[in-house]
């Protein structure tokens, strides 16, 4: 791969990682009730009356942040694996940034 392509991928990954970090921190910073009011209603549920694969994901993330894993799984079964996938992404992004800046990882 050429340098420009690698740099582009790093920029896109960094931008996505910032958005993911915001999604992970939102339940702590904003709180469940306020966050539920900020997130728009599901279009699929509103139009067709059926749930989409992401229905309940906000509730699931808030429950995981509060340590309620059973409730999180009930809200959306994919919430727990996605949440921990996001956490893993953030650790990888942190390691990448540290390596690029020459900071050793312990």
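Residues of region 38-70 that are part of a helix (DSSP H, G or I), more than 24 Å from residue 89 (Cα to Cα) and more than 18 Å from the chain's Cα centre (by Cα): 43, 44, 45, 46, 47, 48. Does residue 96 satisfy being more than 14 Å from the chain's Cα centre (by Cα), assigned to a helix (DSSP H, G or I), in contact (Cβ under 8 Å) with a residue 24 or more places away in the chain and closer than 30 Å to residue 7 by Cα? When the stated conditions are applied, residue 96 passes them. Within region 1-37, being over 14 Å from the mean Cα position of the chain (by Cα) and more than 18 Å from residue 59 (Cα to Cα) holds for 1, 2, 3, 4, 5, 6, 7, 8, 9, 10, 11, 12.
One line per residue, one yes/no per condition, for (1) surrounded by 14 or more Cβ atoms within 10 Å (Cβ to Cβ); (2) closer than 24 Å to residue 17 by Cβ:
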site	(1), (2)
37	no, no
42	yes, no
48	no, no
88	no, yes
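For the residues 66, 23, 29, the requirement of being without any contact (Cβ under 8 Å) to a residue 12 or more places away in the chain and either farther than 30 Å from residue 7 by Cβ or out of contact with any strand residue (DSSP E or B) (no Cβ under 8 Å at 6 or more places or on another chain) (or both) singles out 29.
When only residues in region 71-93 that are more than 13 Å from the chain's Cα centre (by Cα) and assigned to a helix (DSSP H, G or I) count, which is nearest to residue 28 (Cα to Cα)?
Taking region 71-93 and keeping what is more than 13 Å from the chain's Cα centre (by Cα), we get 71-77, 92-93.
The next check asks that each one be assigned to a helix (DSSP H, G or I); those that pass are 71-75, 92-93.
Numbers: 71: 17, 72: 15, 73: 19, 74: 20, 75: 18, 92: 22, 93: 21 Å.
So, considering only residues that are more than 13 Å from the chain's Cα centre (by Cα) and assigned to a helix (DSSP H, G or I), the one nearest to residue 28 (Cα to Cα) is 72.
Just so you know, all these numbers are worked out from the coordinates, no wet-lab data involved. No experiment lies behind these values; they were computed from the predicted model shown. As a convention, Cβ positions derive from the backbone with ideal geometry for all residues, glycine included, and neighbour counts pool all protein chains shown.
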